[in-house]
Amino acid sequence: MLAYLQPSSFRDAMNRRLFLGVSAGAFGLSRLSAAVQAAASPYRRPKLKITGVRTAQVRAHGLQVHVRIYTDQGLFGHGEATDSAAGAPPLIDGFRRFLVGQDPLNVDLLWERLRTAGIFAGAQAGQYVTALTGIEIALWDLAGKALGLPVYQLLGGKMRDRIRLYCDSQTESPDDPEAPKKIQSIKDLGFTAAKIDIDDFSDPNRWDRVNWTASNGEIENMVRKVAFMRESLPKRTDLAVDMHGRYDMTTGKRVARELEPFKLLFLEEPVPAENVDAMRDIRESTGTPICCGENVFLRHGFRAILEKRAADIIMPDLQKCGGLLEGRRIADMAHTYYVPFAPHCVVSPIGTMASCHVCAAVPNFLVLEWHWIQRLDLWRSFVKEGDIIDKGWVTVPDRPGLGVEMNEEAARKAQVPGTSWFA
Ligand code: MG
């Protein structure tokens, strides 16, 4: 429990606990939650005030910004933002004046205020929404801890106990001498789905560094990689393929059609998702399911994709698209089109668990990404609960909040040099 507390707030919480007659021997978070609830309205709604917001930066798969929101009653919430997060720490510094003194349980009100305050400052997408996402996740963790409930409960309850992950394979080529070892480790870890990348700027068949049309030789190599992985993985293991939005319409259509015999779980972003009509044209041209949206923000970004039937599957990144409740809204919007929800995810066990709470709560969840197979030591030590994945699945915890707590000694091994640590 100590790690949830600031030193001065800890004393305050202790005094309150003693005042409330809470057993000094029972020192768990649930007891602190109970104490916070006791210091509450007649209807047992906790009365908390935000006292501070601090960040720390980690570089694992790209940059992750960890956000902590502190309160006057000792509890704090922890969130994580990624990808378009380089500008998050200064943006969060600017958000602080909207947050300090506020009731953190009004999560959506605080989110809406920060969103609308930034309408002329980029709050439609990108860095601004990513920074807001880190705040939003920390607020849900905090709300869960204050109420003594897991975040999935606050998002509507649980549809499933376990979340299925797919492993980003970090290998895809028969020419990779490490491929057999890496593929074996995916099997040993028990994953039921994997994803490979087939975009390759160093392919010798590429005639032009700038033009987005793949040559016949490049497309042959793409198909060869998919065939290799399909043969190497068990038949029951689903295979997804990512093109990272690096190609044009011609290439996207050709590759999607050539990959039809492999019955992929999905083909991800053959073209960038920014032109919804182009994505729809590719989707209409093929039987390969098309997935997109890791760089799309907010409900507003997904509205056109869904309305125009541009994707078979959507993949918002819940550590940048607006947050957990926004993720649930996007999933619900997709569900009205019978479109499944397969979030992009490259973050630590803290952000991954945050995503799992949303995946547990929505009906149309398909599969969640996992991208740390080359950082297993860091992954397994990053939170005090140890490895949250068992045979390719995450069991959603019933502990209050997100249900995982950073192991700072391990996490600081990946701290971005020269940055402050929740200071
Ligand atoms: Mg991708």
Practice problem: Restrict the check to region 370-382 and report whether at least one residue is of a type in the set (S, T, N, Q) and over 22 Å from residue 262 (Cβ atoms). | Solution: yes
Quiz item: Residues in region 345-365: is at least one outside any helix (DSSP H, G or I) and closer than 15 Å to residue 78 by Cβ?
Solution: yes
Quiz item: Which members of region 321-368 meet the condition of being among the polar types (S, T, N, Q) and either surrounded by fewer than 21 Cβ atoms within 10 Å (Cβ to Cβ) or in the same structural domain as residue 77 (by TED's automatic domain parsing) (or both)?
Solution: 336, 364
Exercise. Check region 245-257 and report whether any residue there is under 17 Å from residue 373 (Cβ atoms) and under 29 Å from the mean Cα position of the chain (by Cα).
Key: no
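Yes/no matrix, rows are residues, columns are (1) surrounded by fewer than 17 Cβ atoms within 10 Å (Cβ to Cβ); (2) at pLDDT 95 or above; (3) part of a loop (DSSP other than H, G, I, E, B):
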position	(1), (2), (3)
22	no, no, yes
58	no, yes, no
70	no, yes, no
79	no, yes, no
98	yes, yes, no
101	yes, yes, yes
110	no, yes, no
Quiz item: Within region 299-317, can one find any residue that is within 16 Å of the ligand (Cβ to nearest atom), surrounded by 23 or more Cβ atoms within 10 Å (Cβ to Cβ) and in a strand (DSSP E or B)?
Solution: yes
Self-check item: Residue list for region 314-349, filter: of a type in the set (S, T, N, Q) and within 10 Å of the chain's Cα centre (by Cα)
Solution: 319, 348
Practice problem: Just need a number here: residues in region 206-224 that are more than 25 Å from residue 281 (Cα to Cα) and either surrounded by 16 or more Cβ atoms within 10 Å (Cβ to Cβ) or of a type in the set (Ser, Thr, Tyr) (or both). | Solution: 0
Quiz item: Can residue 123 be described as farther than 30 Å from residue 31 by Cβ, outside the structural domain of residue 322 (by TED's automatic domain parsing), buried (at least 23 other Cβ atoms within 10 Å of the Cβ) and at pLDDT 95 or above?
Solution: no
Quiz item: Can you name every residue in region 182-202 that is among the aliphatic types (A, V, I, L, M), in contact with a strand residue (DSSP E or B) (Cβ under 6 Å, 6 or more places away or on another chain) and away from the ligand (no atom under 14 Å from the Cβ)?
Solution: 186, 193
Self-check item: Single residue of region 225-283 satisfying the filter (hydroxyl-bearing (Ser, Thr, Tyr) and away from the ligand (no atom under 16 Å from the Cβ)) that is surrounded by the fewest Cβ atoms within 10 Å (Cβ to Cβ)
Solution: 250
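The values are calculated or read from the model by the stated rules, or taken from the named source; none is laboratory data. Since the structure is predicted, the reported quantities are computational estimates derived from the model, not experimental observations. Every residue, glycine among them, receives a Cβ derived from its backbone with ideal geometry; neighbour counts consider all protein chains shown.
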